[in-house]
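Written below as structure tokens is the structure these notes are about.
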Amino acid sequence: MDTALSRRQIVAWRSAVFAIFFATGLGFATWASRVPSVKSNLGINDFEVGLLLFASGAASIIGLSLANVILARWGARRGLLVGLGIFAAGIVLVGLGAQTATSFALTAVGLAFMGLGMGSTDVMMNVEGAAVEQATGKTIMPLFHAFFSLGTVAGAAVGVAMTAWGVGVAPHLWIVGAVVVAGGAVAVVFVPVREANDDVADVPSRRERFAAAVAVWRDPRTYAIGAIMLGMAFAEGGANDWLPLAVVDGHGGTEAQGAIALTVFSVAMTVVRALGGPLVDRFGRVWTLRILAVTAVTGLVLFILAPSVPFALVGVALWGMGASLGFPLGMSAAADDAAKAAASVSAAATIGYIAFLCGPPILGWISHEIGLLPTLWILVGLIALSGLASGAAKPIAGSKVGAGHQSAH
């Protein structure tokens, strides 16, 4: 813990990181909630919507890769403000392109800005979250990610209201963009300046920063943590994109039951993220990840083999609970070494986000050949791989979180 920080400063810092996680979830869900309106306004088909999503996804990978350099060059305060500013600018540009100018190209540029800003902010806010964990000595990363989930719920709810009230895409997105950048500007004031992230004037040279970024890709632990996040990212992304359809086509359910299944999954995941910190502090990262991998495998197998929709929903709940902590605990593990936290989180997050971006289309292509429920057995294997790789999340020497009571004493 940084002795220069008082308890009050640490609490303010923690609250600021909560706010940033919430703001990014809010902005992301705001766009997602208006996709049908954007599609209608632009007069585009599903393939062209896919191109827009690709623009955002590709830019987010670039943002993930640049985050550690941004942190080293500008520090956490300015880096987060720049990332959130780019993200908010993207939201505003999407509003302009989707309604005011009705321009596909401008909308794509806006989504690229959103992806770039969100990708870089994602790494930086996770680095800050891990630093708060080290300062408090408690596992908080799952709760930070729960706030992101709460932000998506709020963004979706506001989107439903705006659509029902007939509010256009442009004013809706402009308001949210302003909220994101204003909230971010207030929050970063409470982010302390720390030498661990090169927040001081004596920053490394460009060559040294590049060398540090490349070095983490030669560390076997990076790939092992990436395997944890890869399996759970597939588990989460597969559910988000294919679960409702799997209920309808695979189990003969109604569209309403498909929506209910996705809600059950999201609620189960959010609840465990909100309550998971004490579990990790009691049993440690490694055993928590193993237990949850078994839970996710059990739930997914039950869903695939369920004789009825009610049984399938039980499986969905277990699936959501089991998939909940792989990504946040992977981020936490990657940031154990404060000196290279940004580069390590950037690398691990890149592996996880590639799974988020590429996983659903891959599953869709395979399911076209063999059916959706049989395709989900691939997720079972990937979740099992994640569980087998869980040992890589063991805290390194000097880390104050994630070891569990038995290991700590």
request  = Please identify which residues in the range 93-108 have an amide N closer than 20 Å to a label point set 7 Å out from the Cα of LYS39, following the Cα→Cβ vector.
outcome  = 94-100, 102-108
key: Rh (Kirkwood; distinct C-alpha pairs) - the range 72-119, Å   = 10.8 Å
request  = Subtracting the Cα-Cα distance from 0.36 nm times the residue separation, let me have the gained length for ILE396 to GLU255 in nm, one decimal.
outcome  = 46.1 nm
key: Label-point gap, in nm, between LEU388 and HIS368 - each point 7 angstrom along Cα→Cβ   = 3.0 nm
task = Mind jotting down the distance between the C-alpha centroids of the range 55-69 and the range 9-40, whole Å?
result = 17 Å
inquiry  = Roughly how far apart, in whole Å, are the Cα centres of the range 79-154 and the range 333-400?
reply    = 20 Å
message = Starting from 0.36 nm per residue, how many nanometres of slack lie between SER308 and VAL167 once their C-alpha separation is accounted for?
response = 46.7 nm
ask   = Ranked highest first by the average count of other Cβ atoms within 10 Å around their residues, in what order do 30-36, 328-334, 339-345 fall?
value = 328-334, 339-345, 30-36
query = So, with a 1.4 angstrom probe, what is the percent of accessible area on the range 43-126 that is carbon and sulfur?
reply = 72 percent
query = Any idea what % of Cα-Cα pairs in the chain are farther than 41 Å?
reply = 11 percent
ask   = Taking the chain as a Gaussian network, Cα atoms linked when under 10 Å apart, which of ASP122, ASP241, ASP46 shows the biggest mean-square fluctuation?
value = ASP46
1.4 Å probe accessible area per residue over the chain, in Å² = 42 Å²
ask   = Which value, in Å³ per residue, describes the convex hull spanned by the Cα atoms of the range 235-389?
value = 101 Å³
ask   = How do 272-278, 255-261, 304-310 rank on mean C-beta neighbours within 10 Å, highest first?
value = 272-278, 255-261, 304-310
request  = Mind giving me the nanometre distance, one decimal, between the label points for ALA157 and GLN9, set 7 Å out from Cα along Cα→Cβ?
outcome  = 3.5 nm
query = How big is D, in µm² s⁻¹, for the range 25-68 by Stokes-Einstein at 37 °C and 0.692 mPa s if Rh is the Kirkwood radius over C-alpha pairs?
reply = 282 µm²/s
request  = Count the lysine pairs in the chain whose Cα atoms lie under 22 Å apart, taking only pairs 8 or more positions apart in sequence or on different chains.
outcome  = 5
ask   = P(r) for the range 102-171: what percent of alpha-carbon pairs falls in each 5 Å bin, starting at zero?
value = 3, 13, 13, 17, 19, 14, 9, 6, 4, 1, 0
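The values are calculated or read from the model by the stated rules, or taken from the named source; none is laboratory data. This one's a predicted model, so the numbers in the text were calculated from it and none came from an experiment. Cβ sites come from the backbone with ideal geometry, for glycine too, and all protein chains shown count toward neighbours. All accessible areas refer to the heavy atoms of the entire protein, side chains included, with ligands and DNA or RNA removed. Shrake-Rupley method; radii C 1.70, N 1.55, O 1.52, S 1.80 Å.
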